[in-house]
Amino acid sequence: MSTSTAPAGGGPSRSRGSLVGYALLLPAVVVIALLVVLPLAVIARQSFELSDPLGGDLGGFTWANYSKLADPVYAKMMGYSLGMAALNAAVCLVVGYAVAYWISTRPVRRQPLLLMLVIVPFLTDFLVRTFAWITLLGSGGPYVKIARLLGFDPNSLVPSQLAVVMSLLYAFLPVAVFPIYASMRGIDPALREAAADLGAGSWQIHRRIFIPLSASGIGSSVLLTFVPTVGVFVIPVLLGGGKHPLVGNLIVTLYTEFRNEPLGAAMSMVVLVLMLLSLAAVAGLPRLITKWRNA
């Protein structure tokens with residue numbers, strides 16, 4: 001009576017399975033290489049090239065483009081952009097957390113409808129939503145009319161910083177709500193009930209249960225609102241009047257009006273580095289929340 005044993009490691013069948021897996025990944029790798037890696041490499045190379053005073057670039061290699069970004073004008077705009085992005089991320093986080101918590105505590109059958117109401121405005125074109133805010137907050141819009149009916153004499157909020165903040169909140173709120181809701185959805189409601197039975201107040205319940213258990217969603221929410229806000233250029237122009245442009249406006253101006261492509265590429269690379277640093281900071285956010293919970 002003879003017995004046979006399968007070759008160690010699975011033999012040819014496992015090798016064929018690996019080849020099939022790599023073949024299925026190949027289209028995605030090619031797309032990422034052509035649409036992400038290659039353009040990024042071109043921008044990185046261009047950021048070190050000499051700029052032509054008449055427009056375009058002259059090739060070569062220089063660090064002058066990065067040294068120019070240390071100018072107080074560029075540094076101030078970069079600082080303002082980061083501050084505005086941080087403000088928008090904080091506002092979206094607070095409002096998004098409240099909305100996500102409220103939805104997650106509703107009956108399960110109603111939650112899909114509530115989520116759909118959150119995402120429907122997000123499906124409208126970004127530019128259309130921005131012009132809608134101009135209509136709402138402008139001199140002939142509902143804001144001025146309602147305020148006058150209440151006895152006030154308001155001015156148009158367009159252009160203003162308040163209009164910019166409100167529009168940014170509206171634009172990025174859905175991407176703040178969904179990650180937090182996805183994290184809260186897995187939290188057992190019995191934990192909230194047990195904490196309440198033990199005498200914990202609403203603030204303690206959130207601090208000890210909901211915030212720590214939804215830390216990954218909170219981190220994703222901060223990342224998905226902070227990073228895109230840095231590159232926004234439509235809202236500051238249309239609702240802010242271009243008085244306080246973000247770094248996205250500067251990059252567009254350098255490429256189109258000034259035709260200084262190497263300097264625009266250098267600014268783009270600086271923004272990319274800042275975004276990577278923000279990724280690293282968000283990666284450590286759950287650990288920070290855990291320390292804050294145990295403090």
**Study point:** Residue that is modelled with the highest pLDDT [pool: residues in segment 120-130 that are loosely packed, with under 13 Cβ neighbours inside 10 Å and either part of a helix (DSSP H, G or I) or of a type in the set (D, E, K, R) (or both)]
**Key:** Val128
Practice item. Would you mind finding the one in Gly140, Gly151 that is outside any helix (DSSP H, G or I), free of Cβ contacts under 8 Å to residues at least 60 places away in the same chain and on the phi > 0 side of the Ramachandran plot? Key: Gly151
Exercise for review: Within segment 157-203, track down each residue that is among the small types (Gly, Ala, Ser) and closer than 18 Å to Arg129 by Cβ.
Suggested key: Ser160, Ala163, Ser167, Ala171, Ala176
Practice item. Determine which single condition Arg110 fails, assuming it passes every other condition in (1) among the basic types (Lys, Arg); (2) part of a loop (DSSP other than H, G, I, E, B); (3) modelled with pLDDT of 90 or more. Key: (2)
Exercise for review: Only residues that are among the aromatic types (Phe, Trp, Tyr), loosely packed, with under 11 Cβ neighbours inside 10 Å and closer than 17 Å to Val273 by Cα: list them for segment 23-81, please.
Suggested key: Trp63
Revision key, fill the gap. Note: among Gly59, Gly83, just one is over 13 Å from Tyr181 (Cβ atoms), touching a strand residue (DSSP E or B) at 6+ places or on another chain (Cβ under 9 Å) and of a type outside the set (S, T, N, Q), namely Gly59
Practice item. Scan segment 67-94 and report the pairs whose first residue is in contact (Cβ under 8 Å) with a residue 24 or more places away in the chain and whose second residue is exposed (fewer than 15 other Cβ atoms within 10 Å of the Cβ) and not acidic (Asp, Glu), with Cβ atoms within less than 8 Å and a gap of 6+ or a chain change. Key: Leu69/Ala75
Review point. Restricting the search to segment 214-259, which residues are of a type in the set (A, V, I, L, M), surrounded by fewer than 24 Cβ atoms within 10 Å (Cβ to Cβ) and over 14 Å from Gly83 (Cα atoms)?
Key: Ala215, Leu223, Leu224, Val234, Val237, Leu238, Leu250, Ile251, Val252, Leu254
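Of everything in segment 57-98, what is in a helix (DSSP H, G or I) and touching a Phe, Trp or Tyr at 6+ places or on another chain (Cβ under 8 Å)? Give them in sequence order.
Asn65, Lys68, Ala85, Ala86, Asn88, Ala89, Cys92
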Point to revise | Residue check for Pro262: in a helix (DSSP H, G or I), more than 25 Å from the chain's Cα centre (by Cα), on the phi < 0 side of the Ramachandran plot and buried (at least 19 other Cβ atoms within 10 Å of the Cβ) | key: yes
Study note, to complete from the structure: Ser216 passes all but one of the listed conditions (1) modelled with pLDDT under 85; (2) more than 17 Å from the chain's Cα centre (by Cα); (3) not aliphatic (A, V, I, L, M); the exception is number (2)
Practice item. Taking Gly186 as meeting all but one of (1) under 24 Å from Met116 (Cα atoms); (2) in contact (Cβ under 8 Å) with a residue 40 or more places away in the chain, write down the number of the exception. Key: (2)
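The values are calculated or read from the model by the stated rules, or taken from the named source; none is laboratory data. On a predicted model such as this, the values are computed, not experimentally measured, just so you know. Don't worry about glycine lacking a Cβ; one is built from the backbone with ideal geometry, like all the others, and counts go over all protein chains shown.
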